[in-house]
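Data block below; observations after.
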Amino acid sequence: MTEDEPTREESAPPALSRRGLFGLAAGVGAAGLALGAGAGSAAGVAIGRSRAAEEASPVYPFTGTHQAGITTPMQDHLHFAAFDMMAGTTREDLRSLLRDWSYAAARMTQGLDVSATGAVGGSPEAPPDDTGEALGLPASGLTVTFGFGPTLFTADDGTDRYGLAALRPAGLAKLPAFLGDDLDPAASGGDLCIQACADDPQVAIHAIRNLSRIAFGRARLRWSQLGFGKTSKTSAAQATPRNLFGFKDGTANILSDDTQALADHVWVASADEPAWLAGGSYLVARKVAMLIETWDRVRLSEQQRIIGRDKSEGAPLSGGSETTAPDFDKKDAAGGLAIDARSHVHRAHPDVNDGIRILRRGYNYVDGNTDLGRLDAGLFFLSYQRSPVQFVTLQRALSTDLMNEYVRHIGSGVWAIPRGAKAGSYVGAELFT
């Protein structure tokens, strides 16, 4: 037994606590967490769940070569959260937090409460382990993805808080300033991040709410974002969704079955540095406010020129269908370029960016209204890539495209996404072995 394998006591904790809950060795996974008939609510089984709802709800395993929530078919809802470790915490505090989070996430992704006693199975005289708002709900395709920010390895003041500075990936650094940035520090960065995606918004919120409770005393919530209406697809079976500007978004996204593109552009290779990140990726998050009311007053032909695509079908303005490759040399009837060289499609295309591609996994958001009575809405952009350099290159190309008159980048962050947890271990275990 290695130090990363749980003891018998650890694999069956009586309740969720800070004392090293570490139950993945019990076989957390699609089958490993299935409980026998009669296990009851005390075992974390959701109350009142219908057989039909369970059969219709996808269930994704938490363990695996890669973390779920990257190539997983995109769900309809997102709750994203960034955390900072608390002052005075130790290396063991960080390690125990990752164990506890992994244990709870592995259960929730199977439609279970965060612990064996759960929301209603513990003492009535003590706070329950689980908040309970997901009782009766199926797993709803929940995935929980964890990431490590630059400041987890080296604090802003240069302090090596957890003895991890030597393991920091060379490319993991705060993103450079881009033209048009108007970033809110309170909605940017973070030592750790959690991406919870599900087809039911309450299931995604339940995941972040419980993981935040589990972090108490070790990490605090820095900022979070709710998202709805996916703005990309990750499988061929999914239709291309639309963003809040009304255009199809993510037509040429990398799909889950394109193993070569994933290897080339998304997954960190064993030959890359550092070795502990092999099989992982890098996540960039950008909160992009859309000037909805201004955009809505732009004539259709101009909207299409700005994007470079037809609004109805999503076809490039050079002709064809949505999936037709754009022809950037084709002329229109007036003799000009059919696709404007400053359009979003042209500036983002791999052909003009040294073949660079990224896997997009963004969501729409609406956070009410601004002080001026306008919609506080936009795109919560998420992308996975083998190196942050890919995003930086693309964003510099996009920083002068025509669409920038109608958007503002107000939040930002970058995190290293470790490989998936092995059965009997936890996400990020490679940092401590």
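The table that follows gives values for the structure above.
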| read-out | value |
| --- | --- |
| Candidates GLY180, GLY189, filtered to the one that is touching a strand residue (DSSP E or B) at 6+ places or on another chain (Cβ under 8 Å) and modelled with pLDDT under 95 | GLY180 |
| Candidates GLN395, GLN390, filtered to the one that is farther than 30 Å from PRO61 by Cβ, surrounded by 21 or more Cβ atoms within 10 Å (Cβ to Cβ), modelled with pLDDT of 95 or more and polar (S, T, N, Q) | GLN395 |
| Filter result for the condition that a residue is within 17 Å of PHE178 (Cα to Cα), touching a Pro at 6+ places or on another chain (Cβ under 7 Å), surrounded by 19 or more Cβ atoms within 10 Å (Cβ to Cβ) and among the aliphatic types (A, V, I, L, M), over VAL427, VAL414 | VAL414 |
| From ALA134, ALA177, ALA196, residue being over 19 Å from the mean Cα position of the chain (by Cα) and either assigned to a helix (DSSP H, G or I) or closer than 26 Å to PRO388 by Cα (or both) | ALA177 |
| Residue satisfying all of: in the stretch 284-319; touching a residue at least 24 places away in the same chain (Cβ under 8 Å) and among the polar types (S, T, N, Q); surrounded by the most Cβ atoms within 10 Å (Cβ to Cβ) among these | GLN303 |
| Filtered residue count, the stretch 269-316, keeping only those that are in a loop (DSSP other than H, G, I, E, B), closer than 19 Å to VAL345 by Cα and in contact with a Leu (Cβ under 7 Å, 6 or more places away or on another chain) | 3 |
| Count of the stretch 44-89 residues which are at pLDDT below 95 and not in a loop (DSSP other than H, G, I, E, B) | 7 |
| Of all residues in the stretch 119-136 being touching a helix residue (DSSP H, G or I) at 6+ places or on another chain (Cβ under 7 Å) and farther than 20 Å from PRO61 by Cβ, the one that is surrounded by the most Cβ atoms within 10 Å (Cβ to Cβ) | ASP130 |
| Which numbered condition GLY373 fails, given (1) within 29 Å of the chain's Cα centre (by Cα); (2) farther than 22 Å from ILE254 by Cβ; (3) not charged (D, E, K, R) | (1) |
| Failed item, numbered, when GLU322 is tested on (1) in contact with a Pro (Cβ under 9 Å, 6 or more places away or on another chain); (2) touching a residue at least 24 places away in the same chain (Cβ under 8 Å); (3) crowded, with 19+ Cβ neighbours inside 10 Å | (3) |
| Residue check for ARG347: out of contact with any helix residue (DSSP H, G or I) (no Cβ under 6 Å at 6 or more places or on another chain) and of a type in the set (Lys, Arg) | no |
| In the stretch 407-423, the residues that are over 15 Å from the mean Cα position of the chain (by Cα) and either farther than 17 Å from PHE146 by Cβ or of a type in the set (Phe, Trp, Tyr) (or both) | VAL407, ARG408, HIS409, ILE410 |
| Top-ranked residue in the stretch 69-86 [being surrounded by 20 or more Cβ atoms within 10 Å (Cβ to Cβ), within 23 Å of ALA219 (Cα to Cα) and among the aliphatic types (A, V, I, L, M); ranked as farthest from the chain's Cα centre (by Cα)] | MET85 |
| Subset of the stretch 373-406 [hydrophobic (A, V, I, L, M, F, W, C) and in contact with a helix residue (DSSP H, G or I) (Cβ under 9 Å, 6 or more places away or on another chain)] | LEU375, ALA377, LEU394, ALA397, LEU398, LEU402, MET403 |
| Residue selected from the stretch 213-236 under the condition of a type in the set (D, E, K, R) and not in a strand (DSSP E or B), by the criterion surrounded by the most Cβ atoms within 10 Å (Cβ to Cβ) | LYS233 |
| Sole exception among (1) assigned to a loop (DSSP other than H, G, I, E, B); (2) touching a Lys or Arg at 6+ places or on another chain (Cβ under 9 Å); (3) touching a residue at least 24 places away in the same chain (Cβ under 8 Å) for ALA186, by number | (1) |
| Residue identified as without any contact (Cβ under 8 Å) to a residue 24 or more places away in the chain and either crowded, with 22+ Cβ neighbours inside 10 Å or part of a helix (DSSP H, G or I) (or both) among ALA166, ALA239 | ALA166 |
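The values are calculated or read from the model by the stated rules, or taken from the named source; none is laboratory data. In this text the structure is predicted, and so the values were computed from the model without any measurement. Because the Cβ atoms are built from the backbone with ideal geometry, glycine has one as well, and the counts that use them run over all protein chains shown.
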